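For reference, the structure discussed in these notes is given below.
Read the figures in this text as sums done on the coordinates, not as results from a lab. Because the structure is a prediction, the values reported are computed rather than measured. Backbone-built Cβ (ideal geometry, glycine too); neighbour counts: all protein chains shown.
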Amino acid sequence: MKITLDMSISNLLDSFDREFGITLGIYKGAKKSNNIKLFEIADPRKNQKASIVIDKDTSVETLEAMFRDKFGIRVQVKDRDGNTVSQSSTLGGIRKLSKDYIDEDERHKKISLVDDDDEDANEEDNKETKKELNKNTKKNTEKKKIKLIF
C-alpha cells in the first residue's frame, strides 16, 4: 500500500481498514485530526513529494516511525476496537488476532462437505438406531409391567 501526502485522512483510514483490518489515530501535535488531507498536517520542512510503502509484514513500530520521519505526522496503530497494539506486531498479524478475522485456510477447515450418498447412509443408520431404541423401550416397559403384576 502506498501512502502519499495528497491522500485524505478519511481515505487513508478506509484503506487501512480494508487492507489490514486496523485503524490509525492520526495526530497533529497532541490534537487528533480527522477529515483533512495529510499534507495539511505534515511538517512543511519535510519533502512534500515523499511517500510511504507498507505491506502486511511492516511492523507497527516501523510504520509509526515512517510517518514521523517522512511526513512529520504522529500516528498510532489501533485494532478495530480502538485499542493500541504492540510495537512489534506486524500489520498483517494484527488482523489475524482480530475477533472478526477468519483466515482463508481456517474458513475451509470450518466447512465440511457432505456426500449425498453418505447422507442417505446416515439417514438409514439413524432409522436403525431409532428402531433399536424403540425395541429396548418396549422391552423395558414390558418388564416393568411383569414386575408390577407379581
Calculated from backbone phi, Karplus (6.51, -1.76, 1.60) coupling profile of the range 81-94 in Hz, x at Gly/Pro:
7, x, 8, 5, 10, 4, 4, 8, 5, 9, 4, x, x, 5
Can you compute the modelled spin-label distance between Asp57 and Ser10, with each label point 7 Å from Cα toward Cβ, in nm?
3.5
How far, in nm, would the chain grow between Met1 and Thr84 when pulled straight, counting 0.36 nm per residue and subtracting the alpha carbon separation?
27.8 nm
Cα-Cα over 22 Å: which of Lys46/Lys78; Lys2/Lys56; Lys2/Lys49?
Lys46/Lys78
